Number of protein chains: 2
Amino acid sequence: MVTIKDIAKHAGVSVATVSYVLNNTRYVSPQRRERVLQAVEELNYVPNAVARGLRARNTKTLGLVLSDITNPFFPDLAKGCEDAAQAAGFSLVMLNTNEQRERIINAVLQIREGKVDGLIIASAVKQDLGILQELVLEGYPIVLAHRRIQDLQVDSVVADNFQGVTSAVRYFISLGHTRIAMFTGVDETSVNMERKEGFIKAMTDAGLPIRQEWMCNTLGDYQLAYNASANLMRLPWEERPTAVVCMNDMVALGVMDAVEDRGYQVPADMAVIGFDDLFFAGTQRIQLTSVRIPRYEIGQQAARLIIDRIQRTKTMEPMEIVLPTQLVVRKTSGDGIYR
Amino acid sequence: MVTIKDIAKHAGVSVATVSYVLNNTRYVSPQRRERVLQAVEELNYVPNAVARGLRARNTKTLGLVLSDITNPFFPDLAKGCEDAAQAAGFSLVMLNTNEQRERIINAVLQIREGKVDGLIIASAVKQDLGILQELVLEGYPIVLAHRRIQDLQVDSVVADNFQGVTSAVRYFISLGHTRIAMFTGVDETSVNMERKEGFIKAMTDAGLPIRQEWMCNTLGDYQLAYNASANLMRLPWEERPTAVVCMNDMVALGVMDAVEDRGYQVPADMAVIGFDDLFFAGTQRIQLTSVRIPRYEIGQQAARLIIDRIQRTKTMEPMEIVLPTQLVVRKTSGDGIYR
DNA sequence: TTAGAAAATTTAAACGGTTAAATATTATCT
DNA sequence: AGATAATATTTAACCGTTTAAATTTTCTAA
């Protein structure tokens with residue numbers, strides 16, 4: 001390994017001079033500068049980031065904590081993070097928690113060890129409050145992405161779930177639906193709460209009743225959604241909803257499959273709107289109407305925010321960025337209610 | 001920040017003693033050991049990984065170079081890497097190249113800077129040979145995953161594409177097909193070459209002709225596949241293939257959509273087999289027959305291999321791990337040819 | 001009791017950079 | 001020319017660990 005000393009020796013100058021040339025941090029006479037640059041070239045020298053990091057007390061690395069990169073929601077968010085990080089000269093380490101406690105503790109360790117300068121947390125659940133609170137108190141830079149946590153004073157970047165679900169409900173109402181169900185997701189997440197509450201508000205605002213038996217908890221899972229939907233379809237028409245807002249696109253797919261497997265049609269017998277607008281929603285044979293979440297932008301902004309926070313010396317109030325959602329209308333929401 | 005010095009002072013011992021206790025690398029008397037542990041506890045001390053890394057000349061970090069985490073092929077592979085890395089106490093940094101030259105150069109820089117101890121490269125193309133060759137020559141640990149490069153003497157973990165495509169072709173033949181097309185992918189990749197050559201070999205072995213107009217290059221893209229497929233369907237029946245092997249599941253989807261949009265049926269008018277077995281292939285409304293690639297395992301083995309390589313002092317011959325594929329039969333391949 | 005060996009602990013030199021402070025060099029002014 | 005100021009360069013401390021070597025302490029046996 002070639003070090004700064006080798007360069008200094010080879011160029012006949014001190015290590016300080018080499019450092020100054022490389023970082024452009026002091027004037028160095030053209031002759032010496034040239035000799036240094038030449039030595040760097042000849043020996044193919046690259047400064048060691050670890051040594052640099054030790055001195056500078058940073059690593060130019062961010063940690064992205066998510067539950068599971070295999071969940072198709074996350075890759076876009078991760079990419080947004082990475083692109084923003086890259087643009088600022090940071091790298092991104094991926095920390096899958098698999099929703100395991102042990103794994104989130106490991107993630108937190110990374111910042112305490114100084115392996116990363118900050119943490120972007122996209123998998124926050126209520127139970128993490130304690131751990132994270134502690135981290136924040138100790139002054140470590142943290143930003144919540146996608147999911148936030150009540151009572152945690154920290155930067156966050158989330159989608160406007162309230163607006164998203166409202167637009168879905170209003171769209172159904174505009175088509176004449178009055179019996180609208182909601183298939184909810186994982187209870188402990190802010191995302192679920194916001195969408196659920198938004199649904200209730202939008203329905204109430206429109207003077208429509210909330211039927212408890214139409215509020216199905218699916219944990220965001222395809223199979224559970226399938227089962228719940230199949231049950232719903234067993235009810236007589238008057239007892240069934242005519243439309244359903246789903247927590248995510250997987251759930252929507254479960255609903256659609258169950259409806260059709262029981263011999264009914266989407267959207268005629270059941271209109272469906274999903275959430276997230278995953279790539280398959282747009283495919284020819286699915287054509288799922290879905291509320292688009294700006295996943296890439298969430299990741300991007302989160303990374304920018306935390307980098308800003310890391311580089312800024314002065315502390316500032318935690319800020320919350322809320323990005324708009326968009327209802328992407330396709331076939332599964334139908335043209336209106338009939339029968 | 002609390003350092004080892006603080007612990008030493010607090011416990012009334014030298015920093016060496018603290019280090020020995022923490023790393024269990026020398027005998028320390030029980031009394032002192034206890035005092036040290038207590039100080040660690042009280043001050044909530046976590047050793048700094050950067051300092052440790054500088055001394056040890058490693059970072060316990062791996063770099064995963066891929067073209068785009070947003071491509072649904074990669075998350076599983078990435079997860080395999082991360083799980084294996086985690087299990088060995090390593091972290092994983094994600095390096096999306098977006099197929100841009102600049103980005104791959106950045107990835108290579110990471111290892112030269114000492115930010116990562118090794119590179120898992122899942123996006124290798126022929127053009128990278130030079131850069132990678134240099135790296136290998138300099139003794140940096142590298143492993144190719146999924147895609148390999150001709151003439152690069154380095155560890156690799158890939159799927160048995162040859163076997164995969166052969167099983168697809170044989171399956172079609174067993175159903176009575178003789179006119180089989182292939183929709184190929186990105187030319188420069190080993191994966192494409194192997195699948196293409198495998199196809200040709202399997203067809204030739206069965207005494208079936210290869211028709212150039214049925215070898216369509218789609219670059220692995222849905223839209224290009226759609227167009228190519230639509231063109232094929234415009235031909236009279238005798239001029240058309242009755243079955244097609246697709247480079248990946250997105251291509252298969254493009255084919256299916258085009259076939260159906262032109263009023264034909266899959267599999268009756270065109271039987272389809274995809275590659276990769278992405279999650280949507282298994283859904284009710286797609287039911288795509290596909291050659292399953294052990295993506296997670298590829299990532300896992302690749303990470304294990306490189307960690308092994310990093311930790312081993314002796315050099316050893318580069319090894320190649322080839323993992324088996326599996327034809328997952330669903331609806332789109334049909335029950336046999338008819339008309 | 002004490003020399004010598006063994007065991008426990010500490011000192012100090014790395015690791016590879018950055019940078020404040022000290023020093024050397026050059027320029028400026030009387 | 002000599003004093004002073006300005007500029008260029010180097011020295012050395014520091015970042016937080018690990019660990020070989022030096023030192024101190026304890027143990028063993030004559």
- Query: If we keep just the residues of the stretch A:187-225 that are open to solvent by less than 50 Å² (accessible area, probe 1.4 Å) and closer than 22 Å to residue A:265 by Cα, which is farthest from the chain's Cα centre (by Cα)?
  - Reply: A:214
- Query: Given the conditions (1) more than 13 Å from DNA strand D (Cβ to nearest atom); (2) more than 9 Å from every other protein chain (Cβ to nearest Cβ); (3) open to solvent by less than 30 Å² (accessible area, probe 1.4 Å), which single one is not true for residue B:28?
  - Reply: (1)
- Query: Is it fair to say residue A:289 is in contact (Cβ under 8 Å) with a residue 40 or more places away in the chain and either assigned by TED's automatic domain parsing to the domain that holds residue A:152 or within 22 Å of residue B:283 (Cα to Cα) (or both)?
  - Reply: yes
- Test result for residue B:88, small (Gly, Ala, Ser), away from DNA strand D (no atom under 11 Å from the Cβ), surrounded by fewer than 17 Cβ atoms within 10 Å (Cβ to Cβ) and within 14 Å of another protein chain (Cβ to nearest Cβ): yes
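Could you tell me which residue of the stretch B:38-73 is surrounded by the fewest Cβ atoms within 10 Å (Cβ to Cβ), considering only residues that are within 30 Å of the chain's Cα centre (by Cα) and within 8 Å of DNA strand D (Cβ to nearest atom)?
Within the stretch B:38-73, the first condition is being within 30 Å of the chain's Cα centre (by Cα), and the residues that meet it are B:49-50, B:53, B:56-73.
Filter again for within 8 Å of DNA strand D (Cβ to nearest atom), leaving B:50, B:56.
Numbers: B:50: 24, B:56: 11.
Per the criteria, the residue is B:56.
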- Message: Here is a check on your reading of the model: is residue B:60 away from DNA strand C (no atom under 11 Å from the Cβ) and more than 30 Å from residue B:274 (Cα to Cα)?
- Response: yes
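With the requirement that a residue be among the polar types (S, T, N, Q) and in a helix (DSSP H, G or I), what does the stretch A:38-49 give you? Write out each step before concluding.
Of the residues in the stretch A:38-49, the ones among the polar types (S, T, N, Q) are A:38, A:44, A:48.
The answer is A:38, and nothing else.
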- Query: If residue B:95 satisfies every condition in (1) open to solvent by less than 10 Å² (accessible area, probe 1.4 Å); (2) within 11 Å of another protein chain (Cβ to nearest Cβ); (3) more than 24 Å from residue A:58 (Cβ to Cβ) but one, which is the exception?
  - Reply: (3)
- Does residue B:77 qualify as being in contact with a helix residue (DSSP H, G or I) (Cβ under 6 Å, 6 or more places away or on another chain) and either part of a strand (DSSP E or B) or within 13 Å of chain A (Cβ to nearest Cβ) (or both)? yes
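Considering only the stretch A:4-17, state which residues are part of a helix (DSSP H, G or I) and more than 7 Å from DNA strand C (Cβ to nearest atom).
Taking the stretch A:4-17 and keeping what is part of a helix (DSSP H, G or I), we get A:4-11, A:15-17.
Of everything in the stretch A:4-17, those that are part of a helix (DSSP H, G or I) and more than 7 Å from DNA strand C (Cβ to nearest atom) turn out to be A:6, A:7, A:8, A:9, A:10, A:11, A:17.
If you check residue B:265 against the conditions, is it surrounded by fewer than 18 Cβ atoms within 10 Å (Cβ to Cβ), under 25 Å from residue B:211 (Cα atoms) and not β-branched (Val, Ile, Thr)?
Numbers: surrounded by fewer than 18 Cβ atoms within 10 Å (Cβ to Cβ): yes; under 25 Å from residue B:211 (Cα atoms): yes; not β-branched (Val, Ile, Thr): yes.
Spelling it out, residue B:265 is indeed surrounded by fewer than 18 Cβ atoms within 10 Å (Cβ to Cβ), under 25 Å from residue B:211 (Cα atoms) and not β-branched (Val, Ile, Thr).
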- Task: Within the stretch B:21-37, track down each residue that is assigned to a helix (DSSP H, G or I) and near DNA strand C (Cβ under 6 Å from one of its atoms).
- Result: B:32
- Query: Using beta carbons and a limit of 8 Å, which pairs, at least six apart or on different chains, have the first residue in the stretch A:170-195 and of a type in the set (Phe, Trp, Tyr) and the second one open to solvent by 10 Å² or more (accessible area, probe 1.4 Å) and assigned to a loop (DSSP other than H, G, I, E, B)?
  - Reply: A:171/A:329; A:183/A:247
- Output the qualifying pairs, or none if there are none: Cβ atoms under 6 angstrom, residues six or more apart or on different chains, first residue in the stretch B:51-72 and over 20 Å from residue B:313 (Cα atoms), second residue within 16 Å of DNA strand C (Cβ to nearest atom). B:51/A:54; B:63/B:110; B:63/B:116
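With A:334, A:274 as the choices, which residue is outside the structural domain of residue A:81 (by TED's automatic domain parsing), touching a strand residue (DSSP E or B) at 6+ places or on another chain (Cβ under 9 Å) and at pLDDT below 95? Quick ask: steps written out before the conclusion?
Details: A:274 fails: at pLDDT below 95.
Exactly one of A:334, A:274 is outside the structural domain of residue A:81 (by TED's automatic domain parsing), touching a strand residue (DSSP E or B) at 6+ places or on another chain (Cβ under 9 Å) and at pLDDT below 95, namely A:334.
For the stretch A:172-186, which residues satisfy the criterion of being within 13 Å of residue A:216 (Cα to Cα) and either of a type in the set (Phe, Trp, Tyr) or open to solvent by 10 Å² or more (accessible area, probe 1.4 Å) (or both)?
Residues of the stretch A:172-186 that are within 13 Å of residue A:216 (Cα to Cα), as a first pass: A:180-186.
Those that are within 13 Å of residue A:216 (Cα to Cα) and either of a type in the set (Phe, Trp, Tyr) or open to solvent by 10 Å² or more (accessible area, probe 1.4 Å) (or both): A:183, A:186.
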- Task: Quick one: count up the residues across the stretch B:48-66 that are more than 20 Å from residue B:310 (Cα to Cα) and either within 7 Å of another protein chain (Cβ to nearest Cβ) or at pLDDT below 95 (or both).
- Result: 1
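Can you pull out the residues in the stretch A:313-339 that are among the basic types (Lys, Arg) and open to solvent by less than 100 Å² (accessible area, probe 1.4 Å)?
If the condition is that a residue be among the basic types (Lys, Arg) and open to solvent by less than 100 Å² (accessible area, probe 1.4 Å), then A:330 is the only one that fits.
The values are calculated or read from the model by the stated rules, or taken from the named source; none is laboratory data. Note that this is a predicted model, so its numbers are computed, not measured. Reconstructed Cβ throughout: ideal geometry from the backbone, glycine too, with neighbour counts over all protein chains shown. Calculation scope for accessible area: heavy atoms of the full protein, side chains included, ligands and nucleic acids excluded. Shrake-Rupley method; radii C 1.70, N 1.55, O 1.52, S 1.80 Å.
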